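**Q** Dumping the structure here so I can ask a few things about it.
Derivation of every value follows stated rules applied to the coordinates shown; laboratory data play no part. As the structure is a prediction and not an experimental result, all values here were calculated from the model. Cβ atoms come from the backbone with ideal geometry, glycine included; neighbour counts cover every protein chain shown.
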Amino acid sequence: MNVTFTSPVTASYSPSPDAALTLVDESAHAKVIVRAKAGTPARASLAQVFAGSRESAGVLIAGTRPDEWMLLGEPTAVAARVADLPMDGHVSVVDWTHGRAQFRLSGAVATSALEKVCGLDWSNDMMPNGAVTSGSVAKVTCDLIRNDVDGTPSYLILCDRSFGQYLFDALIDSGQEFGISASA
Amino acid sequence: MLLVPCPNCGPRNQSDLRLLGAAVPRPNPNTATRAEWGEYLYLRENPADWLQETWYCRAGCRTYFTLERHQATNEFRNPPMPGDKVGNSTYTTITVGSSGKQAGANEGDRT
Amino acid sequence: MSASSLRRLPEQSGEVIDRSQPLKFTWNGKTAVGYAGDTIASAIAAGGNRIMSRSMKYHRPRGLLTADFWDPNAFVQVDDEPNVRSGHRLLTAGINVGPQNVWPSLDYDIKSANQLVGRFLSPGFYYKTFIHPQKLWPAYEKVLAQFAPGGTVDYESEMAYFDKRYTHPDVVVAGGGPAGLAAATAAAEAGASVLLVEHEHHLGGHLRYGTDADRAIANGLEVAARAAGVEILVDSTVTGRYEDNWLGIVQRSHPIASERLIKARAKTLIVAAGLIERPYVFAGNDRPGVLLASAVRRLINMYAVKPGERAVVFTANESGDQTVEDLERAGVEIAGVVDARSGGNITGTEGSQKAISSVTLGNGSSIDADLLVTAVGWTAPTSLLNMSGDRPVYDPAAARFFPDRTPDNVLVTGGLAGDGSLDELIAHGSSTGSLAAGRAAAVRHRVQAATARAAAVSGPEPDMPSDDRVPLARAAHPELFRSTTHGIVDYSEDVGSKDLVSATKEGYDSVELLKRYTTATMGPAQGKLETVNTVAVLAEARGETIAEVGTTIWRPPYAPLTLGALAGRIFEPERVSSIHPWHVAQGAKPILAGQWIRPEHYGDPQAEVTNVRTNVGIIDVTPLGKLDLQGEDVPRLLNLLYTNKWSKLAVGSVRYGMMCAEDGVVMDDGVTGRLEENRWLMTTTSSGAGTVWEWAENWLQTAHPDWDVHITPVTTAYTSINVAGPKSRELLARLTDVDLGADAFEYMQVRTGTVAGVDDCIMWRIGFTGELSFELHVPAGYGLSVWETLMEQGADLGIAPFGLEAQRIMRLEKGHFIVGQDTDGLTKGPTTGLEALIKLDKDDFVGKPELAWSMGQGVGDGEAPELPVLVSVQMTDASIVPPEASQILAPNTTEILGRITSSRYSPTLNASIGLAQVPPALAQSGTVLTVLLTNGDRTTAIVQEHHSHVDPEGSRLRS
Ligand SMILES: [Zn+2]
């Protein structure tokens, strides 16, 4: 049977190559939530402290809560990482690939755009590369990960899939004064 | 906008959290009298003093935790927070003294 | 004197206008010209116009008083924008500027007849005169509205774009005068991130309209601040200070927005707001031609406007003395200098309504003049300190208020803190900036250390620096508030000292009462000009000192801002399912349910019902709340949250549950299925999804942290589709390998499998509609794909989509209640008729004691309360569908006994059906209820035997 994946962002956008900011819809990437109680081997295997993140074998492992991790990346890489996870003890895995919209906002002035829609302190000291938190962006609760690309500030913003189109447009609006190129 | 010290997220804007009010113990549901249960449901102390309250870090780490907040000055203790304080010039005794908030001083007004 | 005595001077060394850029505009219907850099007011004044407006109550002609933001007499209409502060707003080309409070014209104003009947407009006049009789209020309002002050609102105006931003600087400096600039520079040089906010267009404060040497110093300070990396906002105001230095800043100078509201969290706030010159109260003090010294200096030195031809200067300070020099240099004849320091005084002005012609002195003599300049002292704008909890204290020797105690994260410098030479002010600013940076660093260290995501801090927490600044001295100044005559105190509210005295005599003799009764200090000047004079007049009337009377508490905002700025960018999140584009393409009528945009119907909801009852229909129920529950202790959690029992639910089975709060009130309901031994899926109502999640987490985290349960919200991880109707099995069988046989997949069971080529789908056999139906939860990215396949594959079976309305009709035909619709904030569990699901033999569950009492089985001897009963009803007249919430009355009375909670016309039964909450006495089958309709008519409804109007045995959904 003919099966097609639909992104939460269904409107179309024409990218402008010279813009100071880029916003990319990465909703098709795999996203898996792992919850693991203290003392479980899964926790040791993930080896990532809360509020930080790191890349490992093509998977971004983000400590989203004290007992929760998000595994992000290409579906095969994420699936392989999940398969490796020891499941002893109170450990649970939920595939959130379809549950979350995922956007990447990049550019030297990305924090200036985020400051217009989010009350968190985005300064380098408070949100260094790798930092993970969650907060309200344009009134939608999002997971927020700083994940710089080649030294350029870059942020992953994940929200409930149903808010995806709304949030994507709110971010474009916020980036308008700096120049923003969106692609979905 | 108060800064609330979430044990996981650090200081967060009050709007990121939900205040559930004083942390009240739940009576035994199998032996509680109507009076006891009614007190648990509806009666709350409102002291001009320290009060243990439950917060929910709604937009942050989604953790419930309790904090002591002074009901008259809005200061937090355990953990102490860098916040408003009047008096001698150190923050280290931040948990003592007034927050500099006086009744009405922060209310919106037409004038 | 003629109005043309005002005019543009030759080039002044400190002027801020650009003579190479003339700007044409319209003032009062005539073409006028100003320059770039002019304020609207300075351009109008340079054109020889002395009258700017008329006052709001008495419509007296008014001219410039302060020639800056606070000028109470310079409100104008600019194009479609009313109440523009012309003393502040910069001139732009082509604008149409008109005066306000004038009818029919600036020169001749009919309402100025109010002046003749001024006694009728004494304080409290409106209250006293128009309060009775109340029924005449609409008529009064119409007349009074004609006299309401302000400009004209154009309802056709386009929406302006307002912007918003958050920022977290170490130090915010409110005020860009010499002390503020020095403080900002010192803080930035000490490593702090600094935001400096200046109310005016230019930095330097009073130096900007001072001597060339003053300006050189201001420029040097500005250059240093910029070099130190201070972020500088001009034409911007810190409007409010709240807990923990949460600041509201309005930026009027933003390039892309009309106004931008900045919400700043400053680690330290430096208040360097300077001082505001105070008017003097005497007879005729509001006649055009009476100006403050600072206004005159601004007009001459910044805008090159000659303020008059022949001046009397009443001076009590150096600023007044300098004004004399400025006037002389501008070619204004000095007709007299009256020095308050050697006992001089002025008592009044003479002249026409439109201009003064002479000034009367304290000794009775008079001097001809067209300009009277007063320099009688300063008001300390302590607003931000008040908002920090400070109660400033009056110092009679210096004739102004000074800060008392501020929190450690609020520091004061500049004129608010004291006086001194310019060098001393700058030095105080610098040491304040260093102190602020030191305190901010300590706070930053602590915040960073307390925040897991933040970069690691190195070293121990820095000590909080103590305040060892050298305090500024206070310069002596004579106390000058009111002369021996009465005059205007509040120009923007048209309140005079005589009004204040009479209000005091009437008993309004506390400062807060007086303010509210007379409205003095409540106008757009926000008390900056008139508060101290008001207090002084009150003190005089009470025979007390100013310190004894005290002052009003200054509250936000520091300066008025538009509602647009407060609203900022408006965020209204909306949610859609993955099928939304299809609904839109099909022309579905959208309905907003919470934040969700859902199809209400696709054209004909009645036909949609009939199609489900005869063929097969599909509905997008994605908003249905879904929680993934994993762990060994899930049954314990379910036993706690629901009123019924869960431990024995088999894998592959589904159970309905009702949740009540601790007060026994129904809070949510839904079905929960056991997918695997330790994995469950809970569904909640669409509106309750978020609440139930928080509720479950709350019980888990605070009451039972030892239980092994992980809760993950998966509401939008799945697209939920209900496939309903007698042909639903036939349709689905074409798309899945799951055995759908009636025996293999029974009613109230759950299966997982592949549907329409999509793996990991969840399928429930449940039925809100009362028909054979399957609820599919499809990984959301494939939801649209599955929906389209269903439509395609079901074409020959007569498939049609149905919307929320058809679903509501069918659930009502089936007698299912909706939490929040058929229940309310007082509806306890048993009212719904589901007592059988309230298992009082469980050890514990939420709300157990309340539910036990409500069922007469609780601890103690209290009687069970008489709870309402939810019943099904049919109207005796099928053509009448009473609106929801229609009252049920006792026959022939107006006594309310209950209400219709849901009502619809049933296309299946051709009947008008509903649910109702009634007292137990009216709950028996066959009871005739009296229903009040909105037009006042009464009709009747009959209580039904079963909740379900259609197929009460449930044979269809079990088929
Ligand atoms: Zn938190």
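**Q** Ignoring the sites themselves, what is the longest stretch of chain C with no chymotrypsin sites (Phe, Trp or Tyr not before Pro) in a DSSP loop and at most 11 other beta-carbon atoms within 10 Å?
**A** C:156-959
**Q** How big is the dipole moment of region C:585-698 about its Cα centre under a simple scheme where the beta carbon of each Lys and Arg is +1, that of each Asp and Glu is -1, and everything else is neutral? Debye, nearest 20, please.
**A** Computed charge dipole of region C:585-698: roughly 360 debye.
**Q** Given region A:24-157, what whole percent of its Cα pairs are spread farther than 24 Å?
**A** Tail of P(r) above 24 Å: 27 percent of Cα pairs.
**Q** Can you tell me the length gained on complete extension of the stretch C:Thr876 to C:Glu792, counting 0.36 nm per residue apart and subtracting the Cα distance?
**A** This chain segment gains 26.0 nm when fully extended.
**Q** Between B:Leu41 and C:Glu632, what is the label-to-label distance in nm when each label sits 7 Å out along the Cα-to-Cβ direction?
**A** Placing both labels 7 Å beyond Cα along the Cβ direction yields 3.6 nm.
**Q** All other residues with a Cβ under 15 Å from the Cβ of A:Ser183 taken together, and with Lys, Arg as +1 and Asp, Glu as -1, what is their net charge?
**A** -3
**Q** While we're looking at this one, here's another question. How big, in percent, is the set of alpha carbon pairs in region C:819-959 lying more than 25 Å apart?
**A** 35 percent
**Q** With a/c under 1.5 counting as rounded, go ahead and sort region C:305-423 into rounded, prolate or oblate using the C-alpha gyration tensor (a ≥ b ≥ c being the square roots of the eigenvalues; past the cut-off, prolate if a/b is larger than b/c, else oblate).
**A** Cα axes put region C:305-423 in the prolate bin.
**Q** Based on DSSP H assignment, which helices of chain C show an axial Cα extent of at least 20 Å together with a mean Kyte-Doolittle hydropathy greater than or equal to 1.6?
**A** none
**Q** Of the options C:Ser955, C:Phe402, C:Gly205, report the single residue whose Cα projects farthest towards the positive end of the charge dipole of chain C (beta-carbon charges: Lys, Arg +1; Asp, Glu -1).
**A** It is C:Gly205.
**Q** What does the structure give for A:83-94 when I average, per residue, the other chain Cβ atoms found within 10 Å of the residue Cβ?
**A** If you average over the peptide's residues, the count of other-chain Cβ atoms is 3.
**Q** Separate question: Hey, with R₀ at 35 Å, roughly what FRET efficiency would C:Ala593 and C:Asp760 work out to, going by the Cβ-Cβ distance, to 0.05?
**A** After rounding, the FRET efficiency stands at 0.80.
**Q** Counting each DSSP H run of 4 or more residues in the protein assembly as shown as -39500 (n - 2.57), what helix-only mean residue ellipticity at 222 nm follows after dividing by all residues, to the nearest 500 deg cm²/dmol?
**A** Roughly -5500 deg cm²/dmol at 222 nm, from the helical runs in the protein assembly as shown.
**Q** A further question follows. Evaluated at 20 °C with a viscosity of 1.002 mPa s, what Stokes-Einstein diffusion coefficient in µm²/s does region C:718-758 have when Rh comes from the Kirkwood expression over alpha-carbon pairs?
**A** My calculation gives 193 µm²/s for D.
**Q** Another question, then. Could you give the nm distance between label points at C:Asp468 and C:Gln21, where each point is 7 Å from its Cα heading toward the beta carbon?
**A** With each label point 7 Å from Cα toward Cβ, the separation is 4.9 nm.
**Q** Would you mind getting me the FRET efficiency between C:Asp604 and C:Asn935? Use the beta-carbon distance for r and R0 = 22 Å, nearest 0.05.
**A** In this case the efficiency is close to 0.20.
**Q** Could I ask something else about it? Using a Förster distance of 35 Å, how high is the FRET efficiency between C:Val651 and A:Ser56, based on the Cβ-Cβ distance and rounded to 0.05?
**A** Calculated value: 0.50.
**Q** Label-point separation (nm) for C:Thr211 and C:Ser421, each offset 7 Å from Cα along Cα-to-Cβ?
**A** About 1.3 nm separates the two model spin labels.
**Q** What whole number of Å gives the distance from the Cα centroid of region C:596-619 to the Cα centroid of region C:842-878?
**A** 35 Å
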